[in-house]
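What follows is a short report on a single structure.
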Amino acid sequence: MLRLTPFRYIAPKTLEEAVMALVEHEESAMVVAGGTDLYPNMKRRQFEPKVLVGLRNLQELRCIEGDAGRGVSVGAGVTLQEVSSHPTVMEHYHAFAKAAGLVSTPPLRNMGTVGGNLCVDPRCNYYNMPYPWRRAIGFCLKRDGDICLVAPGSNRCWAVSSSDLAPVVVALDAQIRLHGPDGERIVPADEFYRDDGIDYLAKRREEILVSVELPPADGWRTTYWKLRRRDSFDFPILGVAARIKMGNGGRVKDFKLVLGAVASQPVVVEEAPGLLVDRRASPRDVEAVAEVAFAAAKPMDNADGAYYWRKRMVRPYVRGAVMELLGTG
Ligand SMILES: Cc1cc2nc3c(=O)[nH]c(=O)nc-3n(C[C@H](O)[C@H](O)[C@H](O)COP(=O)(O)OP(=O)(O)OC[C@H]3O[C@@H](n4cnc5c(N)ncnc54)[C@H](O)[C@@H]3O)c2cc1C
Ligand code: SF4
């Protein structure tokens with residue numbers, strides 16, 4: 001049986017107290033929200049914090065506020081279950097509610113939070129393993145070792161961004177609100193994620209994610225499609241997040257497409273808007289979008305399923321998501 005290492009649990013009552021605890025205990029402290037990702041990772045000795053700063057008492061992290069006209073603020077401490085069944089989020093930010101509702105299993109969605117999901121540690125078949133297994137293969141760059149076992153010639157880690165909400169917040173142009181020792185700052189979602197399996201967030205260790213700010217929905221249709229081995233349980237091995245706005249005469253006014261779980265950060269398919277915007281999208285246009293998404297996806301051999309199969313699945317998943325948004329699926 002895998003056991004947790006001993007740690008001290010601090011339960012601050014305010015955001016300031018939580019930040020101060022992270023400052024005081026420096027590298028030995030980590031934040032814990034629902035613990036659904038962190039505790040299993042600790043059992044595998046991927047992290048060995050001596051102090052955990054629990055966020056459960058922080059009421060300011062627990063609310064969903066706003067409306068489609070002004071935009072909606074979703075607190076980091078809101079559970080995936082709560083946000084996936086919230087009427088405003090379901091109606092106006094369908095992709096967000098759907099992605100949250102597709103995370104793992106009901107027990108994990110009842111414990112797991114939006115903030116924890118957005119900060120979830122990138123995954124790799126050579127890393128999300130118990131300590132004795134990793135020791136037997138000589139460890140790797142991400143923890144305790146000095147080479148990447150997936151790409152030994154590379155000097156970086158290629159662990160996979162495996163959060164369901166990460167590609168969605170990038171697709172929606174959301175903003176991430178952080179609170180740290182120097183106060184509050186806001187980071188656009190597409191700058192929050194870095195293409196690095198170790199240093200994957202533009203967030204300092206002592207900063208706490210307070211909320212995700214969803215912009216006004218403004219006539220958007222949004223969706224999220226998820227590929228995984230077991231539909232009842234698994235992490236994504238491909239995520240497709242997209243938003244569209246229709247203009248006059250059935251022409252596309254605005255479109256954004258983002259892929260999850262194909263790199264260490266969500267991948268924006270830069271060429272996609274140019275293929276649909278200002279057009280009455282035809283099946284051939286949709287096919288062109290699927291093709292540029294296929295080219296942009298570069299999964300590595302370090303997640304569930306063969307990497308070439310995961311890449312091949314990009315075309316049908318993008319096609320399906322875009323057709324759903326166009327109302328032709
Ligand atoms: C079997 C299994 C299946 C899973 N399937 C999926 C899946 O399909 N999709 C998916 O996306 N995830 C999946 N997960 C991962 C996890 O359950 C979810 O991502 C969940 O939303 C994490 O939220 P949490 O509150 O439990 O985070 P925690 O485990 O508490 O924290 C996760 C990380 O985020 C940090 N953190 C948490 N909150 C904050 C905050 N407010 N500010 C700063 N840092 C913070 C923690 O320090 C930690 O590094 C799965 C996990 C397991 C064990
Ligand atoms: S991508 Fe390489 S360095 Fe990163 S976790 Fe996997 S084996 Fe380790």
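The values are calculated or read from the model by the stated rules, or taken from the named source; none is laboratory data. Computed from a predicted model, the values in this text were never measured in an experiment. Here the Cβ is made from the backbone with ideal geometry for all residues, glycine too, and neighbour counts use every protein chain on show. The area values use the complete protein model at the heavy-atom level, side chains included, leaving out ligands, DNA and RNA. Shrake-Rupley method; radii C 1.70, N 1.55, O 1.52, S 1.80 Å.
Looking only at the stretch 87-119, filter to residues that are open to solvent by 20 Å² or more (accessible area, probe 1.4 Å) and under 30 Å from ASP146 (Cβ atoms); which one of those is farthest from ligand 2 (Cβ to nearest atom)?
Looking at residues that are open to solvent by 20 Å² or more (accessible area, probe 1.4 Å) and under 30 Å from ASP146 (Cβ atoms), I get GLY116.
Identify the residue in the stretch 277-301 that is within 16 Å of ligand 2 (Cβ to nearest atom) and open to solvent by 30 Å² or more (accessible area, probe 1.4 Å) and, among all such residues, is farthest from ALA263 (Cα to Cα).
ASP301
Given the options ARG8, ARG70, name the one that is out of contact with any His (no Cβ under 6 Å at 6 or more places or on another chain), surrounded by fewer than 14 Cβ atoms within 10 Å (Cβ to Cβ) and either among the hydroxyl-bearing types (Ser, Thr, Tyr) or farther than 28 Å from LEU214 by Cα (or both).
ARG8
Which of the residues that make up the stretch 242-259 are charged (D, E, K, R) and in a strand (DSSP E or B)?
ARG243, LYS245, LYS253, ASP254, LYS256
Scan the stretch 243-261 for residues that are hydrophobic (A, V, I, L, M, F, W, C) and either more than 23 Å from ALA159 (Cα to Cα) or open to solvent by 10 Å² or more (accessible area, probe 1.4 Å) (or both) and jot them down.
ILE244, MET246, VAL252, PHE255
How many residues, within the stretch 197-214, are near ligand 1 (Cβ under 9 Å from one of its atoms), of a type in the set (D, E, K, R) and under 16 Å from GLU16 (Cβ atoms)?
Final tally of qualifying residues: 1.
So how many residues does the stretch 170-187 have that are open to solvent by less than 80 Å² (accessible area, probe 1.4 Å) and more than 14 Å from the chain's Cα centre (by Cα)?
Count: 7.
Would you mind stating whether GLY138 is open to solvent by less than 50 Å² (accessible area, probe 1.4 Å), away from ligand 1 (no atom under 16 Å from the Cβ) and more than 21 Å from LYS311 (Cα to Cα)?
Yes, satisfied.
Scanning for something of a type in the set (Phe, Trp, Tyr) and within 9 Å of ligand 1 (Cβ to nearest atom), does the stretch 86-94 turn up at least one residue?
No: the stretch 86-94 contains no residue that is of a type in the set (Phe, Trp, Tyr) and within 9 Å of ligand 1 (Cβ to nearest atom).
Without any contact (Cβ under 8 Å) to a residue 24 or more places away in the chain and part of a helix (DSSP H, G or I): does that describe PRO273?
It is true that PRO273 is without any contact (Cβ under 8 Å) to a residue 24 or more places away in the chain and part of a helix (DSSP H, G or I).
For VAL103, all conditions in the list (1) touching a Leu at 6+ places or on another chain (Cβ under 8 Å); (2) in a helix (DSSP H, G or I) hold save one; what is the number of the exception?
Every condition holds for VAL103 apart from (2).
Please enumerate the residues belonging to the stretch 20-61 that are near ligand 1 (Cβ under 10 Å from one of its atoms) and among the acidic types (Asp, Glu).
Listed by number, the list holds a single entry, ASP37.
Using the structure shown, decide if GLY274 is within 13 Å of VAL318 (Cβ to Cβ) and either open to solvent by 20 Å² or more (accessible area, probe 1.4 Å) or within 16 Å of the chain's Cα centre (by Cα) (or both).
Considered against the rule, which asks whether it is within 13 Å of VAL318 (Cβ to Cβ) and either open to solvent by 20 Å² or more (accessible area, probe 1.4 Å) or within 16 Å of the chain's Cα centre (by Cα) (or both), GLY274 comes out as no.
How many of the residues making up the stretch 224-242 are surrounded by fewer than 22 Cβ atoms within 10 Å (Cβ to Cβ) and in contact with a Pro (Cβ under 9 Å, 6 or more places away or on another chain)?
Residues in the stretch 224-242 being surrounded by fewer than 22 Cβ atoms within 10 Å (Cβ to Cβ) and in contact with a Pro (Cβ under 9 Å, 6 or more places away or on another chain): 2 in total.
Specify which of the listed residues (ARG204, ARG221) is part of a loop (DSSP other than H, G, I, E, B), away from ligand 2 (no atom under 16 Å from the Cβ), open to solvent by 10 Å² or more (accessible area, probe 1.4 Å) and not acidic (Asp, Glu).
Only one candidate qualifies: ARG204.
Of all residues in the stretch 146-169 being within 7 Å of ligand 2 (Cβ to nearest atom) and not aliphatic (A, V, I, L, M), which is most open to solvent (accessible area, probe 1.4 Å)?
TRP158
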